[in-house]
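Handing you this structure, nothing more for now.
Just so you know, all these numbers are worked out from the coordinates, no wet-lab data involved. Keep in mind that this is a model prediction, so the values were computed, not measured. Every residue, glycine as well, gets a Cβ built from its backbone with ideal geometry; the counts of neighbours run over all protein chains shown.
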Amino acid sequence: MAYQGLLEAFSNDPFTPRRLLASLNSEIRVMKQKEVKRLACAQAMINKEKKASLSLAVLQSVVGIGPVSSITLLTFFRRYHHANREQVVALAGLDPVSYQSGTSVHRKGRISKQGDKVLRKCLYQATLSAARYNISVRAIYKRLNEAGKPKKVARIAAARKLLLIAHAVYKSGQPYRRPVEEAT
């Protein structure tokens, strides 16, 4: 939450009034309570439908995908149930775009950002955890970092990988099977 960062910054400032810190703390506490209630409500709605409930459980089996990410992914996959891998990546706005005009004008590549902004943010946040604990996501993140790519580029590639893993798991209906980590 943005308020948590603000609270941390103000906590380190000796001139910040204690009343402001207390107000921020109470605001954060209220927001966390609301988040818990909304997640419980969403979970209850999903549990009413057996197929959605099973799909949610399958998505949560992927390392790095938590309750918020799994609900976001579930709604996305249900909305675009017909989409294949490439279409899912494009609908999320994580597809690479290159710019080239003739033989001399070449711009740096980027992602299209044409898709679901909320999903992209959610996947980026999930990748912060998945890049540490999910072997498949960590491998691509590590490989790109070692190749000298900027951290954000590696993180977006890892988010794309996480999306593709989640899509495959959702389509198959089978829980995520962790690959065996290679000995290095």
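List the relative contact order of the stretch 1-123 as a percent without decimals, with contacts defined as Cα pairs under 8 Å and 6+ residues apart. Spell out each step's value before the answer.
Details: 83 pairs, mean separation 19.4, N = 123.
Reported as a whole number, the value is 16 percent.
Among Asp13, Asp95, what is the fewest-to-most ranking by other Cβ atoms within 10 Å?
Working: Asp13 10, Asp95 17.
Ascending Cβ contact count within 10 Å gives the list Asp13, Asp95.
Next question. Tell me which lysines have Cα within less than 18 Å of Lys121's Cα, excluding those fewer than 8 residues away on the same chain?
Cross-link targets: Lys113, Lys151, Lys152, Lys161.
For the stretch 49-172, state the average projected area of the convex hull of the C-alpha atoms over all orientations, rounded to one decimal in nm².
Numbers: hull surface 33.3 nm².
Reported value for the Cα convex hull: 8.3 nm².
Among Gly66, Gly148, Gly115, which one shows the biggest mean-square fluctuation in a GNM of the chain, springs joining Cα atoms closer than 10 Å?
Gly148
Can you tell me which of Gly64, Gly93, Gly109 moves the most in a GNM of the chain? Springs connect C-alpha atoms under 10 Å apart.
Highest fluctuation of the listed residues: Gly109.
Which of Arg138, Arg19, Arg110 moves most in a GNM of the chain, Cα contacts under 10 Å?
Arg19
May I pose another question? Got a sec? How would Thr72, Thr103 order by Cβ neighbour count within 10 Å, fewest to most? Please list the in-between numbers first.
Values: Thr72 20, Thr103 6.
Lowest count first: Thr103, Thr72.
Which of Cys122, Cys41 has the fewest other C-beta atoms within 10 Å, and how do the rest follow up to the most?
Numbers: Cys122 23, Cys41 10.
Exposure proxy ranking, most exposed first: Cys41, Cys122.
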